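Participant: Quick one: this structure, given as structure tokens, is what I'll be asking you about.
None of the figures in this text is laboratory data; all of them are computed from the coordinates on show. Treat the numbers as computed from the prediction; the structure is a model and nothing was measured. All Cβ positions, glycine included, derive from the backbone under ideal geometry; neighbour counts span all protein chains shown.
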Amino acid sequence: MGKKLLEIKGLKVHYITDDGTVPAVDGIDMEIEEGESLGLVGETGAGKTTTALGVMNLVPDPPGEIVDGEIIFNGENLREKSREAYRKIRGNKISMIFQDPMTSLNPVYTVFDQLEEVIKLHQKVSSSEALQRAKEMLAKVGIPEERGEEYPHQFSGGMKQRVLIAIALACNPALLIADEPTTALDVTIQAQVLEVMKDLKKQFNMAMILITHDLGVVSEICEKVAIMYAGKIVEFADLESLFTKPSHPYTVGLFNSIPDPEEDVTELTPIKGLIPEPTELPPGCVFHPRCPDVMEVCKGSFPETVELSPTHRVACYKYHEGIGGEPK
Amino acid sequence: MASKASGQSVAVAAPEAKKKKKRSQRAEVWRRFKKSKTALIGFGLLALVLITAIFADQIAPHPYDGMNLMVRRQPPSAEYLMGTDQMGRCVFSRVVYGTRISLVVGFFAVLISAIVGGTIGAISGFYGDRIDNLIMRIIDVILSIPPILLAIAIVSAFGGSLVNVMIAIAIGYTPRFARVVRGSVMTIKEDEFVDAARVLGASDVRIISKHIMPNALAPVIVQGTLFVAMAILQAAGLSFIGLGAQPPTPEWGAMLSTGQNYIRDAWWMSVFPGLAIAVTVLSLNLLGDGLRDALDPRLKT
Amino acid sequence: MHRYIIKRLIYFIPVLVGVTFIVFTIMYLTPGCPATIRLGDQATTEQIERMRELMGLNRPFLVQFGSYLWGLVQGDFGRSLHTNRPVLGEMMIRFPNTMMLAAGGMAIAVVIGVLVGVLSSVKQYSFSDTIAMLFALVGISVPNFWFGMMTILVFAVWWSGAFGYSLFPSSGFDDGIRSLVLPALTLGTSSAAIVLRMTRSSMLEVLRQDYIRTARAKGLKERVVVFKHALKNALIPVVTVVGLQFGFLLGGAVFTETVFSFPGSGRFIVEAIRSRDLMVVQGGVLFLAIAFSFINLLVDLLYAVIDPRIRTQYKAQQWNIPWLRRVKKYGQ
């Protein structure tokens, strides 16, 4: 087991709007070791992107605000850092790539401009060295270096995402947060971009948080998985435990709603109901209105997290001793 | 109003639902309008200006053309709130009566251009193709002359008078209205209720006047409010360079033109008519901005 | 890029002909007869008829227009009815002064408008933002000739009354740059307000874009994010407005020059109006309208320099550029 790189404790991010406070991220814990990949899985609106922005300290404020919790990176609590110190970590030690590559590059600067900018910002290099480094990075993501002189609108979506990956990795970050990096792309391009990411992750030996709603992608790339629902992490486990022994009813539901090409299933069982409105979260366990195994206790308060094994924990009353079915 | 029309003349499926949706839309606009401080302040100021114009006879202490050579160029006093001019006329009374002139000129110039420009725009947007192309090219040409120069050319050719000023300004805004209306008509004509009306055999004129125009009204009102503001400024400017109202008409721009000659000895002759223009135009600009925000929150700046 | 320039140039010619046609038609429809104005009120009917023949006023409308247009191509904007001097020459003497005045006004407008607009957008809804927006609204509501009179009142009349000397001259053009200050300030105020509003709304839109988030994720200083990444994008629609405003300043100069007795082309036209010298009004207005069209052409070409999407992609079948739509909404 490696060294702990990032540890999030009790992180709460709220959006304060005219229609009320939205607890987009409501007290989550997770940790990643160096070089490890974590899949952060959940439906749209579960709070995955907000979690990522929280780590980057880029939550749009107003209306968003980090109200509580610790973000410990390399042994330091980032929340105690000054804005200036945080700035030196962003794009350098922790990088992020976003969901929509089409709009994430500045249309009025060339690819080289945008790539060199981050290199010059965080590394003490001359202009020619920065250009050299930019060319290397483009080569690494599979873009011919002469295209660096071009503007973003001359690139396809897949190419733009490669450029964004190159920008994110240009300073050798210890952690990369990838927010649904392939959802906006064509299916064939998705596979290529994922391949590039997998490859570079090994080369750079960096840790990664991969935000996705696709368990298939997670199984290919990640070692750990966090399942998120309505601002909470309901299950957190290593890949094998999660896939062999999914424990939270929501996780089980997610698996049941994936078609398995190997098995000849005639019917899928989707999770009944819809994800709740963020301003009208149900009391108790947020999942209880949709839960097939709902109990009376679930309507009272959100369950404490239970450790099923050192690498597998779940927030569900089913596993609470004395309440749920069979204790561990 | 719009949905009612389509609901009655055309038996659209579930007209009730549509009516409800439109009504709540209007309620939403009203709610945003009430919430907007700019709109309310503008509305309040404009109401004051309108009251001044309507009750000018009651408000003004002296007749606007009452000369009294004994009290020439008197500074402001209890008797003459804004002083007197070079002929001993009460500046305050003249400013009060001037409100009527500016509002009438501004409003009618914009009304004329809204009607003419609106019709041209509706035809252009509704028929599209060659007609649209031709009209838009002509409009492009007119728009490439700065409006004030166009107005100067027209008024200097046909002689200085308030009516000519009004027409000259109206010509300048006609293509702008045509563009606004054309844009909304082109979007609205794709709507289903227009197709429904056409299927039932409504004529083009009827479709445009009963179904499309009511829906294109919102942007016209917003633009119209802002254009009245600009028209008042222009009318005052034209009078200032001697092309508009002729003495002794108490027109603000003309008053400033006279006041300029006496600026060293009688500042009040220059200050107050200008303030009156600024307040009137500001009220319309505030109202127009507020209306735009209320009607189209996406444009909120 | 070349296709873009060529297309704009080809489009420019019919616009010029159209503008000429409109101005010519207005003057053609004038109830007063240029021959009468030229000869004065005492002229006999016979004299006027001979003058009409001489001036070609009896020819059909289109023939007159054609010969006017042909004259224009050769630089003939007509002659003054009173002095018989060529209008073009008279305008060329004064137009540089007007351009200098307009440039001064525009410089003030751009510096104030862009700077305050950016700060306002960064601190949206703050107290200073509200104040800036209020000033902008007042700025477009005040008639510029009155504003000019007020600057004269404050800087020339009251100031010299109180301190015994004048801070800035209130008329003429004898004091070099100092005599340009008040007129340029007067002319630039409303444009500053418009540029401010446009800059602010354009910045607010750009600051919401994904690439701004990317720039922040890189760890750039907020100053760099705002002035390098956001402003360059936000300026594109502002350039359009500045171009349009420059044209309006040429029109607005008519008033400003009158207030400050500034020896420019605007005051020249106003004097011609007062003496009913229609040929000068016609030629002068046309001259300014053509200058305005030229400036618009230059602005269109300037886009290609700022916006790489136009520079490189003009050949592409479709390009969807958000600011073009926004300009249509705000620019007019």
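Participant: Measure out, as a whole number of angstrom, how far apart the alpha-carbon centroids of the range A:121-169 and the range C:107-174 sit.
Facilitator: One Cα centre to the other: 47 Å.
Participant: Taking H as built 1.01 Å from N, whose amide H comes closer than 5 Å to the amide H of C:Asp76, not counting residues under 5 places away?
Facilitator: Sorted by chain and number, the residues that satisfy this come to none at all.
Participant: What aspartates and glutamates sit close enough to C:Lys221 to cross-link, taking a C-alpha to C-alpha distance under 16 Å and skipping anything fewer than 8 places away on the same chain?
Facilitator: A:Glu84, A:Glu116, A:Glu117
Participant: Any idea how far the Cα center of the range C:234-251 sits from the one of the range B:214-232, in Å?
Facilitator: Answer, in whole Å: 22.
Participant: Let me ask another. Let me confirm one metric for peptide C:205-213, namely the mean number of other chain beta-carbon atoms within 10 Å of its residues' beta-carbons.
Facilitator: Whole-number average of other-chain Cβ neighbours for C:205-213 is 4.
Participant: Tally Lys/Arg at +1 and Asp/Glu at -1 over every other residue whose Cβ is under 11 Å from the Cβ of B:Pro273; what's the total? It would help to have the intermediate numbers written out before the result.
Facilitator: On the way: positive: B:Arg94; negative: B:Asp85, B:Glu251.
After counting each charged neighbour, the total is -1.
Participant: Please state the shape class of chain C: rounded when a/c is under 1.5, otherwise prolate if a/b exceeds b/c and oblate if not, all from the C-alpha gyration tensor. Mind dumping the intermediate values first?
Facilitator: Details: a/c = 3.09, a/b = 1.48, b/c = 2.09.
Cα axes put chain C in the oblate bin.
Participant: Over chain A, calculate the relative contact order: mean separation of alpha carbon pairs under 8 Å at least 6 apart, over the residue count, as a percent.
Facilitator: 19 percent
Participant: Shape of the range C:59-188 from its Cα gyration tensor (a ≥ b ≥ c, root eigenvalues): rounded if a/c is under 1.5, otherwise prolate when a/b > b/c, or oblate? Please report the intermediate quantities before stating the final value.
Facilitator: Numbers: a/c = 3.07, a/b = 1.65, b/c = 1.85.
Cα axes put the range C:59-188 in the oblate bin.
Participant: Counting other Cβ atoms within 10 Å of each Cβ, which trypsin sites (Lys or Arg not before Pro) in the range A:70-125 have at most 13 and sit in a DSSP loop? Walk me through the numbers before you get to the answer.
Facilitator: Working: sites: A:Arg79, A:Lys81, A:Arg83, A:Arg87, A:Lys88, A:Arg90, A:Lys93, A:Lys120, A:Lys124; in loops: A:Lys81, A:Lys93, A:Lys124.
Loop-located and lightly packed - A:Lys124.
Participant: Please check chain C for the longest run free of trypsin sites (Lys or Arg not before Pro) that are loop-located per DSSP (anything but H, G, I, E, B) and have at most 13 other Cβ atoms within 10 Å.
Facilitator: Longest gap between qualifying sites, sites excluded: C:1-122.
Participant: Calculate one ³J(HN,Hα) per residue across the range B:211-218 by plugging θ = phi - 60° into the Karplus curve 6.51 cos²θ - 1.76 cosθ + 1.60, and present them in order as whole Hz with x for glycine and proline.
Facilitator: Computed from phi, the couplings for the range B:211-218 are 10, 8, 4, x, 7, 8, 5, 3 Hz.
Participant: Check the straight Cα-Cα distances from A:Lys4 and name the aspartates and glutamates below 14 Å, setting aside those fewer than 8 residues away within the same chain.
Facilitator: A:Lys4 reaches A:Asp29, A:Glu31, A:Glu33, A:Glu34, A:Glu36, A:Glu76.
Participant: Now a separate question. Kindly write out, for the range A:167-179 in residue order, the coupling ³J(HN,Hα) from the Karplus curve 6.51 cos²θ - 1.76 cosθ + 1.60 (θ = phi - 60°), rounded to whole Hz, with x marking Gly and Pro.
Facilitator: With coefficients 6.51, -1.76 and 1.60, one gets 4, 5, 9, 4, 9, 6, x, 7, 9, 10, 9, 10, 9 Hz.
Participant: Next question, about the same structure. Tally Lys/Arg at +1 and Asp/Glu at -1 over every other residue whose Cβ is under 10 Å from the Cβ of A:Gly42; what's the total?
Facilitator: Values: positive: A:Lys48, A:Lys232; negative: A:Glu43.
Taking every Cβ under 10 Å from that of A:Gly42, the sum is +1.
Participant: Loop sites only, by DSSP: take the chymotrypsin sites (Phe, Trp or Tyr not before Pro) in chain C that have at most 15 other C-beta atoms within 10 Å and name the longest stretch containing none of them. Mind dumping the intermediate values first?
Facilitator: Details: sites that count: C:Tyr125, C:Tyr165, C:Tyr314, C:Trp319.
My reading of the result: C:166-313 is the longest stretch.
Participant: Cross-link list A:Lys81/A:Lys160; A:Lys3/A:Lys318; A:Lys93/A:Lys120; A:Lys93/A:Lys198; A:Lys140/C:Lys232: which exceed 26 angstrom alpha carbon to alpha carbon?
Facilitator: Values: A:Lys81/A:Lys160 32 Å; A:Lys3/A:Lys318 32 Å; A:Lys93/A:Lys120 15 Å; A:Lys93/A:Lys198 19 Å; A:Lys140/C:Lys232 30 Å.
Distance filter (> 26 Å) returns A:Lys81/A:Lys160; A:Lys3/A:Lys318; A:Lys140/C:Lys232.
Participant: Once amide H atoms are placed 1.01 Å from N in the peptide plane, what residues at a sequence separation of 5 or more from A:Glu150, or on another chain, have their amide H within under 5 Å of its amide H?
Facilitator: A:Val111, A:Phe112
Participant: What is chain A by shape, rounded, prolate or oblate, if you read a ≥ b ≥ c off the alpha carbon gyration tensor as root eigenvalues and call it rounded for a/c under 1.5, prolate for a/b larger than b/c, and oblate otherwise? Mind dumping the intermediate values first?
Facilitator: Values: a/c = 1.96, a/b = 1.63, b/c = 1.20.
It comes out prolate by the Cα gyration axes.
Participant: Could you tell me how far the Cα centroid of the range A:1-64 sits from the Cα centroid of the range C:9-62, in Å?
Facilitator: One Cα centre to the other: 76 Å.
Participant: Which FRET efficiency, nearest 0.05, do A:Glu146 and A:Arg79 yield, Cβ-Cβ r, R0 30 Å? The partial results should precede the final answer.
Facilitator: Working: r = 44 Å, r/R0 = 1.45.
That pair, A:Glu146 with A:Arg79, gives E of 0.10.
Participant: Under a GNM of chain C (C-alpha, springs under 10 Å), which listed residue has the highest mean-square fluctuation: C:Val23, C:Val281, C:Val118?
Facilitator: Ranking C:Val23, C:Val281, C:Val118 by mean-square fluctuation puts C:Val23 first.
Participant: Can you give me the relative contact order of chain C as a percent, contacts being Cα pairs under 8 Å and 6 or more apart? Can you show the working numbers first?
Facilitator: Numbers: 381 pairs, mean separation 83.0, N = 332.
The normalised contact order for chain C reaches 25 percent.
Participant: Say we join alpha carbon atoms closer than 10 Å with springs in a Gaussian network model of chain C; which of C:Leu119, C:Leu72, C:Leu204 then has the biggest fluctuation?
Facilitator: Taking springs between Cα atoms under 10 Å, the residue moving most is C:Leu72.
Participant: Restricting the count to DSSP beta bridges whose residues both fall in the range A:1-156, what percent are antiparallel, rounded to a multiple of 5? Before the final figure, lay out each step's value.
Facilitator: Details: 21 of 22 bridges.
Of the beta bridges lying entirely in the range A:1-156, close to 95 percent run antiparallel.
Participant: Using modelled amide H (1.01 Å from N, peptide plane; none on Pro or chain starts), what sits under 5 Å from the amide H of B:Leu81, excluding residues fewer than 5 places away?
Facilitator: Result for B:Leu81 returns B:Phe92.
Participant: Return a whole-number percent for the relative contact order of chain B, with Cα pairs under 8 Å and 6 or more residues apart as the contact set.
Facilitator: Numbers: 441 pairs, mean separation 78.2, N = 301.
Dividing the mean separation by the residue count of chain B yields 26 percent.
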